[in-house]
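Asks: Quick one: structure below, then a few questions.
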Amino acid sequence: MDLSFPLIITIAIIVIFVLIFFHYVPFFLWINALSANVRISLIQLFLMRLRRVPPHTIVYAMIEAHKAGLKNVTRDNLEAHYLAGGHVEQVVHALVSASKANIDLPFQMATAIDLAGRDVLEAVRMSVNPKVIDTPPVSAVAIDGIQLIAKARVTVRANIRQLVGGAGEETILARVGEGIVSSIGSAASHKSVLENPDSISKLVLRKGLDAGTAFEILSIDIADIDIGKNIGAVLQMDQAQADKNIAQARAEERRAMAIAQEQEMKAKAQEARAKVIEAEAEVPIAMAEAFRNGNLGIMDYYRMENIKSDTDMRDSIAKPQGGGNKENSK
């Protein structure tokens, strides 16, 4: 018992040491690298552990690059790209795919594209196999006032040189939509657009819409065109309704002014009648005053009353009243 206990302790210490050794010094990974003819030392693998760089990622990327014949992919470059926050596997896969497709893609450009947040492997695949982008429905109005709703399919290919700093798919869709609106809007009739939809794609394609973007437009095809509303007729109806409302408002204004003038004339007439009544009320006072002062005699008063009665009779005869005519006929 006394001899077996130290032996167990010794074996445990040896096992722990071996585990720590193989954890920090990936010996079998070093064997895999040597079998693939990739020169890397155990010290470098150990230092990767200390720098918190996964040795498996770097070694397998170096093996893939070596088997593909890439000469400019080194351990230092791969470690630097990993420490910068890049995706080492994606970059190496993209470099291998570009090399097989005869696409000029330097290592520095591939790492720059990856660090810019773009999928460099997808970009290489899109350079080999172009991508088709379907635009949303674009509404435009021809000169004759008919609305057309068009859908287009844009075939693009990734432009490796413009991936860093170049605009994305949203810009391509916006520019294509703008070109479709401009092309339909300049057409004299919607019928000409329906007869020759390729005229839209040719006009849009000549505008160079891929300038400053990360893509190269290969073709623009009009997939569908539908007829929408008669915008010209709707605008004319709205204009006619607006003119009608303006005319009604002006007529109402004139009617209000006429009513105001009528009310003003009635007020003036009432004022004149009030003045007449006031003047008639002053006549007896003046006559009494004339009697007291001796300026008016009784015969003068009767003579004036006779003249007034004669005047009233003449006025009643001159007025064309139906009742008076009937009495006269009787």
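Asks: Could you rank L173, L205 by how accessible they are, 1.4 Å probe, largest area first?
Replies: Correct descending sequence by accessible area is L205, L173.
Asks: Please identify, among Q108, Q263, Q162, the residue showing maximal mean-square fluctuation in a Gaussian network model of the chain using a 10 angstrom Cα cutoff.
Replies: Residue with maximal mean-square fluctuation among Q108, Q263, Q162: Q263.
Asks: Counting only protein chains, not ligands or nucleic acids, how are I31, I180, I222, I298 ordered by accessible area (probe 1.4 Å), most first?
Replies: Of I31, I180, I222, I298, the descending order of accessible area is I298, I31, I222, I180.
Asks: Follow-up. Helix 298-318 versus the longest principal axis of the chain: what angle, 0 to 90°, nearest 10, using Cα atoms?
Replies: With rounding to tens, the tilt is 60 degrees.
Asks: For the range 180-330, what Kirkwood radius comes out of the mean inverse Cα-Cα distance, in Å?
Replies: Across the range 180-330, the inverse of the average 1/r is 26.1 Å.
Asks: Report, by chain and number, residues whose modeled amide H sits under 5 Å from the one on A152, excluding near sequence neighbours (fewer than 5 apart, same chain).
Replies: T135, A223
Asks: For the range 64-205, report the % of Cα-Cα distances exceeding 24 Å.
Replies: Value for the range 64-205: 47 percent of Cα pairs lie more than 24 Å apart.
Asks: I need the phi-derived Karplus couplings for the range 43-54: 6.51 cos²θ - 1.76 cosθ + 1.60, θ = phi - 60°, integer Hz, Gly and Pro marked x.
Replies: 5, 5, 5, 5, 5, 4, 4, 5, 7, 6, 10, x
Asks: I'm spelling it out carefully: the read-out is Cα Rg over 2.2 N^0.38 Å, the candidates are (i) 2.65; (ii) 0.98; (iii) 1.04, and one was derived from this structure. Which label?
Replies: Matching entry in (i) 2.65; (ii) 0.98; (iii) 1.04: (i).
Asks: Still on this structure, I have one more. Would you kindly derive the ³J(HN,Hα) couplings of the range 119-136 from the backbone phi angles with the Karplus curve 6.51 cos²θ - 1.76 cosθ + 1.60 (θ = phi - 60°), listing them in order in whole Hz, with x for Gly and Pro?
Replies: Per-residue couplings from phi come out as 7, 5, 5, 5, 5, 5, 5, 6, 5, 7, 10, x, 9, 9, 10, 8, 7, x Hz.
Asks: Using only Cα atoms, tell me the angle between helix 88-100 and the longest principal axis of the chain; keep it within 0 to 90° and round to the nearest 10.
Replies: That works out to roughly 80 degrees.
Asks: Please report, in cubic angstrom per residue, the volume enclosed by the convex hull of the alpha-carbon atoms of the range 24-134.
Replies: Given the Cα convex hull of the range 24-134, per-residue volume reads 102 Å³.
The values are calculated or read from the model by the stated rules, or taken from the named source; none is laboratory data. In this text, all values refer to a predicted model and were calculated from it rather than measured experimentally. For the accessible areas, the whole protein counts, side chains as well, though only heavy atoms, and no ligand, DNA or RNA atoms are used. Shrake-Rupley method; radii C 1.70, N 1.55, O 1.52, S 1.80 Å.
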